[in-house]
Amino acid sequence: MDHPRQPSPRHFDHCPWLFADEATEEQRAAQREVQEAIGGDTGIGERCYVAESAAVFPDRLRLGDDSYIAAHAYVTDELTTGSDCTLNPFTTVRGNVVLGDGVRIGAHTSLLGFNHSMAPDRPVFRQPLTSRGILVGDDVWIGSHVIVVDGVTIGDHCVIGAGAVVTRDLPAWSVAAGNPARVLRDRRETATGHTEPRPADDPTAATDSETGPPPGPGTPAENDPARALRDRRKEGVVDAAVEAVAPGAAVRPDGGPTATTRPAAKDAEASTVGSAWAAVGPAGARPGGGRTPVSGAGLGLGGGDLAAFADTARAQAGELLDRCWDGGRYVDRPGVAPTVRAHCDAVEIADVLLGAVPEHLSAEEHIERLSGLQDPKSGLVPEFGEPLPVTDADGFIGEGAALYHVLCVGYALDLLGTGLPHPVCGAEDMTAHQLLVRLDALPWRTGAWGAGAWVDSLATAAHWNLRHSDGGGAGNGTPESLFGWLLTRVDPWTGMWGSPSAEEGRLQMVNGYYRLTRGSFAQFGLPVPYPERVVDTVLDHARDTRHFGPGRENACNVLDVAHPLWLCTRQLGQATGGYGGYRSGEIRDWAEAQLSTVLRRWQGGRGLGFGPGAAGPGPEPGLQGTEMWLAITWYLADLLGRSDELGYRPRGIHRPEPARQGIGGLGLS
């Protein structure tokens, strides 16, 4: 009687979906050795298979559960996959690539998450490399011989026909093909043209991209998507549009497309949007350090540009300040009312560019004016022409200009060599219990920016109050309670406080993170929690075209990415402007792109506008926009290791150094 022959390692390399069920213990032990021998920063999930014949040389590899890399695949740099992902024979994945759950990649397909520069001043092989990365969503079927180029995002549930060249982003549910690939239709469309979305947790929602290997003897058809697909073909109900895209796209002779070991019902359950994918990495994530350096020349940011920008700003600083002096007080820009912040911005600009005070008043007059704005009883500074804000039951305020005045007036006086003359009583008298109640009540889910701004103001008030108490403490344990609350409420997946929304994406939580950490961890010289997760979240946000599309960047949004990246890279011990740190290549790419844009926006004698649109002061050059962009320019340049070329360093609100080292009660002072 003939006995079935045991599959060999070569067989498993080419048919890895068989390994989980058919491998011997010796073969499983050998596979563990193959996985352990992979170099770089590697993490491999349960029930995975990596072909011994595959060339897998990553800087960082995260292979999700039930995923495989088949024979002769070529994988380098950084690859992160969700669960149930398949890299079939001769697949090439290079650069920075992130796959969601349930992604099928056909044989001989290339995902190239890097690119060459091609300036005409040198041979191509001497050009710097760039990398924006490739992002593939959940439940995606990429056929054989497809090429996906750097910078492309492929949405959830897409199907890409064989031989396509994908050069642009594809929206979710697209059926695409061609060179260059174009969207042919939406997968949810019925024959009548109607769209019928199916829930991700519906076990009957199996599609052509959820098919797998041919069934073994006795395998029920309902548990084998490949058999189900063949049955559908026989019955004439196969998706004709997919057949038209590329007949036999990623399909083996037995009728099954690129293999997977999961039946349709299990796939539908495992591929619920946002499950394992959210844990692996956010959209646009570049999970590892960079090996794709970029030079300034590649983006038109050449040597001398930073120095020329700073020299121009210094030469025109006096004219800029004169423009915003109405004869008695400072205005943000001509034609608007004077504000407290405008006076503080003028002090900051004069300090950073000229190392002096604005010449419209003497140093003593600046100090007298700003100090005189503080209410002695509450310690708050109201806006010009407005009544003193009414404090809440805990003694502090919840919103309004006076919250920011704790920062800007305090630091303007600090630059002038003094400080707020009175303590901020709400922060000094607030009990730890009152603080915790307030923190719990802040709108973290719906308004994380406002919540972070409140923490910034409260923590900065505590900083000034510690000065008044000679560093011996402030309030009834309020600073210690603040850090205790923050450290126990941070989300370990994002490193942040708050939640994203469909309307704004991660805008609120990232901008709130900047304000919160500026006043707390950065100001007090304490390490932020989960810095790598923060980098992931911030870089993901920085790819959101709603806020960072051409002409949409404003000073707040760019600062609120630049500062967290700077703060976290320093905490992670990454050398200034260096390579090889956590996602350093992508950080450099983003910093260079933003910096080259900023340097072109300076308007002679007028400075820089806050940004396009109605947000903030708008596009008209003024003091706030100029002050913020000067600080942003420094942070961007320092991320590239080039801040010394500017010849200035922020010393006020946006100072890179901590204002103090820890809190006495935390044992870190």
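Of the residues screened, residue 641 is not one that is in contact (Cβ under 8 Å) with a residue 60 or more places away in the chain, touching an Asp or Glu at 6+ places or on another chain (Cβ under 6 Å) and part of a loop (DSSP other than H, G, I, E, B).
A search for C-beta distances below 7 Å between a residue of the range 324-342 that is not assigned by TED's automatic domain parsing to the domain that holds residue 610 and any residue that is surrounded by fewer than 14 Cβ atoms within 10 Å (Cβ to Cβ) and assigned to a loop (DSSP other than H, G, I, E, B), counting only pairs 6+ apart in sequence or on different chains, returns nothing. Within the range 580-595, if we keep just the residues that are part of a helix (DSSP H, G or I) and not hydrophobic (A, V, I, L, M, F, W, C), the residue that is surrounded by the fewest Cβ atoms within 10 Å (Cβ to Cβ) turns out to be 594. Might you let me know whether the range 624-631 holds any residue that is more than 25 Å from the chain's Cα centre (by Cα), assigned to a loop (DSSP other than H, G, I, E, B) and in contact (Cβ under 8 Å) with a residue 40 or more places away in the chain? No, the range 624-631 contains no residue that is more than 25 Å from the chain's Cα centre (by Cα), assigned to a loop (DSSP other than H, G, I, E, B) and in contact (Cβ under 8 Å) with a residue 40 or more places away in the chain. Of the residues screened, residue 86 is not one that is surrounded by fewer than 21 Cβ atoms within 10 Å (Cβ to Cβ) and of a type in the set (Val, Ile, Thr). Is the range 161-180 home to any residue that is out of contact with any Gly (no Cβ under 9 Å at 6 or more places or on another chain) and either outside the structural domain of residue 47 (by TED's automatic domain parsing) or surrounded by 22 or more Cβ atoms within 10 Å (Cβ to Cβ) (or both)? There is at least one residue in the range 161-180 that is out of contact with any Gly (no Cβ under 9 Å at 6 or more places or on another chain) and either outside the structural domain of residue 47 (by TED's automatic domain parsing) or surrounded by 22 or more Cβ atoms within 10 Å (Cβ to Cβ) (or both).
Checked against (1) surrounded by 17 or more Cβ atoms within 10 Å (Cβ to Cβ); (2) among the small types (Gly, Ala, Ser); (3) at pLDDT 50 or above, residue 285 passes all but a single condition, namely (3). The set of residues in the range 603-616 that are surrounded by fewer than 22 Cβ atoms within 10 Å (Cβ to Cβ) and part of a loop (DSSP other than H, G, I, E, B) comprises 604, 605, 606, 612, 613, 614, 615, 616.
Given the residues 534, 598, which is the only one that is surrounded by fewer than 21 Cβ atoms within 10 Å (Cβ to Cβ), of a type outside the set (Lys, Arg) and out of contact with any Lys or Arg (no Cβ under 6 Å at 6 or more places or on another chain)? One residue alone meets the criteria, 598.
The values are calculated or read from the model by the stated rules, or taken from the named source; none is laboratory data. Since this is a predicted model, take the numbers as computed values, not measurements. Note: ideal-geometry Cβ built from the backbone for every residue, glycine included; neighbour counts use all protein chains shown.
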